[in-house]
Every structure is written in structure tokens, then in C-alpha cells.
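A short worksheet on the structure shown next.
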Amino acid sequence: MDTSGIAPLIWLAGYQLALNAIGWWLAVRLLPEERTAISRWAAFLACLSIGLLITGQRGLQEERVWWLYNGVNVVTLVGFWTLRRGVERFLHTGCSEREQLAWVLPPLLVLALVPPSIDWAPLRTAVAYGGQAAVMLVMARSITPALRREFGNGAAWSLVPPMLTIGLVLLALAIRQLTQWEQAQELHLDTGYNQGVVYLYLTGSAMFGFGFMQLVALRLTHQLRRNSERDSLTQLLNRRALSERLDTAWRRHRRRSVPLALLMIDLDHFKAVNDTQGHAAGDRLLQQAAELLELQVRGEDLLARMGGEEFLVVLPDTDLQAAIQLAERLRSNAQAQLEVTFSLGLTMAHENDAAPEDALRRADAALYRAKAQGRNRVEVS
């Protein structure tokens, strides 16, 4: 069968994928924190490009040599496996490399060991498409929960269905070769199916490229937002982020007439720790205090570092008695577990408060009284 008609299309696709691979390699320098995942995506595109460029040479060679027929399929399948490793590494999911090798080694061995002759072409073609399909389908299943967990259903729906579609098309091509064993479906043959496969590789790689760029951008955006809202030392909410969330809790308190408690906390004699043990010890103590507080508050509570050694807990839907019990529990745990004790000032939001700052001032005044009256105590205002 004539191969001259499809060869330019195969070369063009290989050239385009090579450019995409170079683009991702350059992105490694811009996004070093995602170096491993991006490097593997670039390696996938490079393998696919090499495979297509070599395939385009088949019409120029009369002799069926191993690298033109077996080597191409080996390189391409290794590329698909590398893609899966990169995606799963990016999403921190998937099975171990040993388990993944158990999936990919059998088809690789078949592709590497069978002769490059025309008699073995149907087996090589079926195994190559079947191996690529297996990688895509297993990857789609393994990454879906992680995609939804980190990026939401929208990202999962934008990436997983195309991945499943490509996997199913490759599987259909493998099945077609198995059911038409007498007619080899090697990619260099100029048929409508093979032209479709080349376009499938181009379209699929483009979709993955755009999808992965979207995920990288989303992750960076989330990290920037988190960094702007979190205290760098304790990873608690910072004062600015707490102010925004407190406004929301305040509006809910006023709209629904539900109780709202504010608990101001200060580490007693913290300056002495810095002076005698150094600032590194003081930083560790602040981190330990933050961890203690996080373990005691509820998921719906707001916990922030207000600055220095001062923390604030906002307790929605919490009455005075429950707030006092929590304050006393925090004080007791700090005394037992930390090198310092807690002084705590507690207040409830009042109907005549004009703004949350009114309640914050009362909590701060109660904290001042707790420290003035001997520390390691809870004062209510």
C-alpha cells in the first residue's frame, strides 16, 4: 500500500509535538516546584514526536529493521507511561512505579522481542494500541478522585472525559486490528484510519497541554491566595484574612440572631523565651501553640494569629458557657503541654455592637485584665 500520502502528515505532527515538548522543557525553568511532573509531560511529547518522525521514515526504507517498526512502538508506549507518571506525580496519587511497571512491561517485552517482519505486524499494532489504551484508561480512573479533591468537579470533567475518549479510541483500534488480523494496520500506511490516528495524537496532546496548563495555573493561584491569607510561621489565618471572615460570621450572627463568641489568647512570658532561648525557640513555641489550638477548635471556627504571640478564635453558634469551657480547656492544655501558659479574654457579640471591632475591643480588654491579674486565667467581658 502507498505510504507517500500520509508521510508528510506524520512528519508535520511529529514536528509539532517536538515544539510542544521544547515548550514544556522551557517551562521547567519557570516552574521549578513542578519540575518532575513537567519534565515527564515534556518527555511524553518528545517520545511521541520521535515515534512519529521515525514512522514517517518507513516509506523510505525497503528493509524492515527493528528500530523502524518495533523501536517506534517501544518509544511511544514508554512515552504514554511517562505521561501517566507525570500526571500522577503532579496530583500526588497513583500506585508505585513497581506496580506501574507490571502494567507496562508485558507489552513492552512483546514489542521489543517480536520480529519486525510483516507477518508480525498485526500483533505489534494490536499490542501497541492496546498498551496505550490501557495506560490512558487506568490513568483516568486513578486521577479522578485527586482532581476533584484539589481542583473540583470542573477540572475533572474538563480532563477525564477526553482522556477516556482517547483511551477508548485506542482500544477500538486495537480491537479492530485483532478482528482484521489478515490486514495489517501499521501507522505508515495511507488509510483514513491512520490519518485519524495521527490527528488523534495531535488533538489529544493539545488537549492535555491546555488541561495541564490550566491545572498548573489553578494550583499557583490557590497557593498565592493561601500565602496571602496565611501567617508564614504558623500557617493560621493572618489578620487581614481573619477580618474578612469575621465580617461574614458577624453578618450571619446579626441576620440569624445566633450567638457569636470571640476568644483572644496571649502566650504568657513569651518574651522571656525569646530572650533566654533565642528566636528560633520562640518560633517553635508559636508553632506548637498554633497546633494545640487547631486540635481543639472546630472546623467551622476561625483561628488566626493576630501578631506577635497573640491569637484569636472566633466561635460561631457558641454560647457563653460552651465558650468558657473551651477557653478553660485551652488554658489547661497549654499549661500541661507548652513551656508557657495562656491568658485568655472572652466576650460575646452584643446586640448593640455596631461592628465586630466593638467585640474585639472587649475581648482585648478582657485579655489585658487576665494578664494584669496574674496570667494563666480566663477573663470574660
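Does Ala354 fit the bill of being in a helix (DSSP H, G or I) and either open to solvent by less than 30 Å² (accessible area, probe 1.4 Å) or at pLDDT below 95 (or both)? No, not satisfied. Among residues of the stretch 179-199 being assigned to a helix (DSSP H, G or I) and crowded, with 16+ Cβ neighbours inside 10 Å, the one that is farthest from the chain's Cα centre (by Cα) is Asn194. Taking the criterion of being without any contact (Cβ under 8 Å) to a residue 60 or more places away in the chain and farther than 24 Å from Arg361 by Cβ, the residues of the stretch 230-245 that qualify are Arg230, Ser232, Gln235. Only residues that are modelled with pLDDT of 90 or more, in a helix (DSSP H, G or I) and within 20 Å of Glu379 (Cα to Cα): list them for the stretch 243-291, please. Hit for the stretch 243-291 is Ala289, nothing else.
For the stretch 55-71, give me each residue that is free of Cβ contacts under 8 Å to residues at least 24 places away in the same chain and either of a type in the set (D, E, K, R) or under 29 Å from Val28 (Cα atoms) (or both). Answer for the stretch 55-71, where residues must be free of Cβ contacts under 8 Å to residues at least 24 places away in the same chain and either of a type in the set (D, E, K, R) or under 29 Å from Val28 (Cα atoms) (or both): Glu62, Glu63, Gly71. Would you call Val110 under 23 Å from Val216 (Cα atoms), of a type in the set (Val, Ile, Thr) and in a helix (DSSP H, G or I)? For Val110, the condition - under 23 Å from Val216 (Cα atoms), of a type in the set (Val, Ile, Thr) and in a helix (DSSP H, G or I) - is not met.
Number of residues in the stretch 273-318 that are on the phi > 0 side of the Ramachandran plot and either touching a residue at least 60 places away in the same chain (Cβ under 8 Å) or touching a Phe, Trp or Tyr at 6+ places or on another chain (Cβ under 7 Å) (or both): the value is 1.
Residue check: Glu150 meets all listed conditions (1) within 23 Å of Val198 (Cα to Cα); (2) surrounded by fewer than 21 Cβ atoms within 10 Å (Cβ to Cβ) but one, namely (1).
The values are calculated or read from the model by the stated rules, or taken from the named source; none is laboratory data. Being a predicted model, the structure only gives us computed values, none of them experimental. Glycine gets a Cβ as well: all are built from the backbone with ideal geometry, and neighbour counts include every protein chain shown. Accessible surface areas use protein heavy atoms only, side chains included; no ligands, DNA or RNA. Shrake-Rupley method; radii C 1.70, N 1.55, O 1.52, S 1.80 Å.
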